[in-house]
Structures are given as C-alpha cells and as structure tokens.
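A.B. asks: First, the structure itself, so that you have it in front of you.
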Amino acid sequence: MADHINPPQIDKTSIAFYWAIFVLGCLGFLDSTYLLIYKLTNIPSMCLGAGGCHTVNFGPYSEIGGIPVSVFGMAAYLVIAGILLLEPKLKIAQENGSLAIFGISLAGVAFSAYLTWLEIYVIHAICPFCVASAVIISLIFILAIIRLIKQPAL
C-alpha cells in the first residue's frame, strides 16, 4: 500500500506578513509619490492645511545632491514591493528576500528617524506625510523582523 503524501502546508501567517508588507510598501510608494508631486508643483493646497508640510518639503534638508528625499522613499518602497513580487518566481529572491527587506527597512527606519529628528529639533516643523512615511517604514521593519525570524531554514 502506498503511503499517503500530504501536500505542503501553507503557513497563513507568512502569507499575511507577505501581503501586509506589500500593501504597506504600496502605501509608502503612494505617499512618497505624493510628496514628490508636491515638491515639483508647489501647490499649497496639497499640504491639506498643515503649514509644516511646506517648510519641510522646501527646506535645505529636503534634497540630497539635488534629488528630493521623496525619490529615495519611492525607490525603497518600490524595491521592497519588487522583491516580494519576485520571491515566488526567483530562487535568490525566495532565499534572500526576507533579509533584503529587513535591510532596506532598517536603513529606511534609520533615515526616517534622522529626518524626524531634523523636523523636530532643527526645522521646527512637522510634515504629516513625512510622518506617515516614517510610520509605514517602521511597520514594514517590524513585520520584516518577524518574517525573518519565522522564515524556515532553506
């Protein structure tokens, strides 16, 4: 009699972390894109009445080498989402995706902490969209840590 072969069990928690990070990455990309559009168009109504938004986005710390900080956020969120989309298709992404997302989000959290420090102690203005991005990357970082810990050894 042949042994019954059980299909591999899908870990629903891992799928939830995967999709949560993906959705947060998409939201972060949209938030960063919004900030870039505001930076390029300078439409005051885009700040939604938050005066600190303009001060932060047009201050001396809003660019690095002439590139708006929001572009770096867009790139980070896009890379995170891209890694997740490649995980089911590429072995290298499957084996290293969790670690890569952890590293990117760690850098993002550190950079967001620096920018938040600048907003509070140097610029003396708070941009709510920047705070949203900081919260999003922090949530991705927390989920990335959990996902990395839960990842089975390959």
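A.B. asks: Take the residues in segment 20-51 that are assigned to a helix (DSSP H, G or I) and among the polar types (S, T, N, Q); name whichever of them is farthest from G73 (Cα to Cα).
C.D. replies: S45
A.B. asks: Could you check I145 against (1) outside any loop (DSSP other than H, G, I, E, B); (2) among the aliphatic types (A, V, I, L, M); (3) within 28 Å of I37 (Cβ to Cβ) and say which number it fails?
C.D. replies: Looking at each condition in turn, I145 falls short on (3).
A.B. asks: Right, another one. What about Y38, is it of a type outside the set (V, I, T) and in contact with a Phe, Trp or Tyr (Cβ under 9 Å, 6 or more places away or on another chain)?
C.D. replies: Considered against the rule, which asks whether it is of a type outside the set (V, I, T) and in contact with a Phe, Trp or Tyr (Cβ under 9 Å, 6 or more places away or on another chain), Y38 comes out as yes.
A.B. asks: Now for a separate question. List the number of the failed condition for M74; all other conditions in (1) closer than 15 Å to A20 by Cβ; (2) in contact with a Leu (Cβ under 8 Å, 6 or more places away or on another chain) hold.
C.D. replies: (1)
A.B. asks: Now a separate question. Among the residues of segment 71-127, what is the count of those that are charged (D, E, K, R) and more than 20 Å from A144 (Cα to Cα)?
C.D. replies: Qualifying residue count for the region: 1.
A.B. asks: Right, another one. Considering only segment 61-110, state which residues are hydroxyl-bearing (S, T, Y) and not in a helix (DSSP H, G or I).
C.D. replies: Y61, S62
A.B. asks: Working carefully through the options A125, A144, find the one that is of a type in the set (G, A, S), in contact with an Asp or Glu (Cβ under 8 Å, 6 or more places away or on another chain) and surrounded by 15 or more Cβ atoms within 10 Å (Cβ to Cβ).
C.D. replies: A125
A.B. asks: From G73, G59, G97, which residue is among the small types (G, A, S) and more than 30 Å from A125 (Cβ to Cβ)?
C.D. replies: From the options G73, G59, G97, the qualifying one is G97.
A.B. asks: Also: Just give me the residues in segment 99-120 being free of Cβ contacts under 8 Å to residues at least 24 places away in the same chain and closer than 15 Å to S62 by Cα, in sequence order.
C.D. replies: Within segment 99-120, A113, Y114, T116, W117, I120 qualify.
A.B. asks: For H54, which of the numbered conditions (1) within 12 Å of L115 (Cβ to Cβ); (2) assigned to a helix (DSSP H, G or I) fails to hold?
C.D. replies: In the conditions (1) within 12 Å of L115 (Cβ to Cβ); (2) assigned to a helix (DSSP H, G or I), H54 misses (1) alone.
A.B. asks: When only residues in segment 9-42 that are surrounded by 13 or more Cβ atoms within 10 Å (Cβ to Cβ) and of a type in the set (G, A, S) count, which is modelled with the lowest pLDDT?
C.D. replies: Top of the filtered list is S14.
A.B. asks: List pairs: first in segment 128-142 and within 17 Å of W19 (Cβ to Cβ) and among the polar types (S, T, N, Q), second at pLDDT below 95 and buried (at least 21 other Cβ atoms within 10 Å of the Cβ), Cβ under 8 Å, 6+ apart or cross-chain?
C.D. replies: none
The values are calculated or read from the model by the stated rules, or taken from the named source; none is laboratory data. Computed from a prediction, not measured in an experiment: that's the story for all the values here. No Cβ is skipped: glycine too gets one built from the backbone with ideal geometry, and neighbour counts run over all protein chains shown.
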